[in-house]
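Worksheet: the structure to be examined is printed underneath.
Read the figures in this text as sums done on the coordinates, not as results from a lab. Source: prediction; values computed, not measured. Ideal geometry is used to build each Cβ from the backbone, glycine not excepted, and the neighbour counts take in all protein chains shown.
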Amino acid sequence: MSNLFERSSIKSLELENRAIRSATWSAVCDQKGYVTDRAIEFYGNLASGGIGLIVTGFQYVMANSVAMPFQMGNYRDDMTDGLGRFAKAVHSKGGKIMAQLAHAGSRANPDLFMEEGELWGPSAVPEPGTGRVPKEMTREEIIAAVAAFASAASRVKTAGFDGVQIHGAHGYGINQFLSGITNRRKDEYGGDISRRYRFLGEVLEAVRGAVGKDYPVFIKLSGSDNYEGGLVLEESLYVARRLEEDGIDCIEVSAGSRGVPSGLVPSMPNILKEEDEAYLAEMALSFKETVKVPIVTVGGIRSPNVVSRVLSGGFADYVALCRPLIREPHLINRWKNGDTEKSTCISCNGCFETGLSGLGVVCKLDLDLKEK
Ligand SMILES: Cc1cc2nc3c(=O)[nH]c(=O)nc-3n(C[C@H](O)[C@H](O)[C@H](O)COP(=O)(O)O)c2cc1C
Ligand code: SF4
């Protein structure tokens, strides 16, 4: 497991180990997305558990892009103070913190809009998970969304975060522009993958412009949507090459989308055997073989043995974990201190339910035990 505890750096970001907390909506903000004391306590606890880098849950960059209740917002300048207290709390516990920025596109939830707003998407086609039909974004709305990413990134830097991650995965806005199933545009933002990349390219350029060339800018990208007519691996590899040319610093490779008939969802259930772990490592390897920027693999990583195999086998440079750290926020320190039993997370996805119920994203098994 020694390679897990190898130090590294990506631009100004120095990492104590190769484990990243993958972005996780934690349902701990208020209804308008402002940081709360609960959010600060929740992330402070996580930061003291030994993880090399924490990526926040997706922060919505416009009021009409909130997708989940109690999601973290980053769409108004008066949110910067709360974000600053939040980043400071993580740093005070020895952690590193990166903000994930998202526009949910047609996966936004209009029931959660706190201001007037329309559901936007690249094209007026039903969102595969919810069936909702968005309004096709005009050129002006595209420009506004790109500018919103830049403003959010600028707030993140001012607030003292260690970097930003653009959310380009899981069927949300950027993924919708990349994917042929949701992007049927006839203008310069639609067509083949080089044209469908345009929106993401503009977002990256604007974010980079806002934070400067030395600030770490990562992306979480779907290697494949895994449904017919959607984004395929070959197209995603093309996107990775373009991102590299355009100055991305690191790519986290995920896949799938909720509500997709194929069954490949980002958070696959029932990862109970070692052979089912790291279910996207092969896909991450394709990215490693395509670009030179560091690659992160996420999805079903549960055992130190598997972490070792992934890192020493060259499948990825970093491993990212989500559900194991909901169940055990101090998992990495447990491993570091010599208890190398695998994560006790059983991948039941009950933590989505706790988040939706307003209790915050916590392990359902713990709640079930308390109720007994
Ligand atoms: C409760 C919950 C919230 C999540 N929120 C996000 C998010 O905000 N952004 C994101 O990119 N992925 C999100 N994911 C997906 C995870 O980051 C990760 O890609 C997926 O769960 C697979 O990793 P795991 O097997 O370690 O859980 C979420 C997953 C869960 C279970
Ligand atoms: S509810 Fe607990 S055991 Fe189930 S996936 Fe979430 S963290 Fe893992």
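Just a few scattered comments:
- Cβ crowding within 10 Å ranks Lys135, Lys220, Lys364 as Lys135, Lys364, Lys220, fewest other Cβ atoms first.
- Rg/Rg_ref, region 21-132, where Rg_ref = 2.2 N^0.38 Å and atoms are Cα: 1.12
- Within the straight-line cut-off of under 18 Å between alpha carbons, the lysines reachable from Lys135 are Lys186, sequence neighbours fewer than 8 places apart in one chain being disregarded.
- Summed side-chain charge close to Thr354 - residues other than Thr354 whose Cβ falls under 11 Å, Lys, Arg +1, Asp, Glu -1: -2
- Multiplying the residue separation of Glu140 and Asp366 by 0.36 nm and subtracting their alpha-carbon distance yields 76.6 nm.
- Alpha-carbon spread of the chain, three principal axes, descending order, Å: 57, 43, 43
- Other residues within the sphere of radius under 14 Å centred on the Cβ of Lys336, judged by their own Cβ, net out at -2 (K and R +1, D and E -1).
- Exposure proxy ranking for Glu188, Glu244, based on other Cβ atoms within 10 angstrom of each Cβ and starting from the fewest, stands as Glu188, Glu244.
- Proximity of backbone amide H atoms, modeled 1.01 Å from N, is registered between Ser222 and Ala169, His170, Ser254 at under 5 Å, excluding neighbours fewer than 5 places apart on the same chain.
- Full extension of the chain between Arg309 and Ser48 gives 91.4 nm of extra length, using 0.36 nm per residue less the Cα-Cα distance.
- Ordering Phe352, Phe177 from the fewest to the most neighbouring beta carbons within 10 Å gives Phe352, Phe177.
- Burial order of peptide ranges 92-104, 274-286 (average beta-carbon count within 10 Å, highest first): 92-104, 274-286
- Alpha-carbon centroids, region 99-129 and region 136-189: separation in whole Å: 11 Å
- Intensity falloff of region 290-341 expressed as log10 I(q)/I(0), Debye formula with alpha-carbon point scatterers, at q = 0.29 Å⁻¹: -1.22
- Taking 11 Å as the cut-off, the amide N atoms of region 179-205 that come nearer than this to a point 7 Å along the Cα-to-beta-carbon line of Val125 belong to 179-186, 191.
- Secondary-structure-derived ellipticity at 222 nm for the chain, considering helices only, amounts to -9500 deg cm²/dmol, per-run term -39500 (n - 2.57) for DSSP H runs with n ≥ 4.
- Taking a straight line from the alpha carbon of Lys157, these lysines sit under 25 Å away, with near neighbours fewer than eight places off in the same chain left out: Lys11, Lys32, Lys88, Lys93, Lys96, Lys213, Lys220.
- Relative to the current alpha-carbon distance between Ser9 and Arg195, full extension at 0.36 nm per residue lengthens the span by 63.7 nm.
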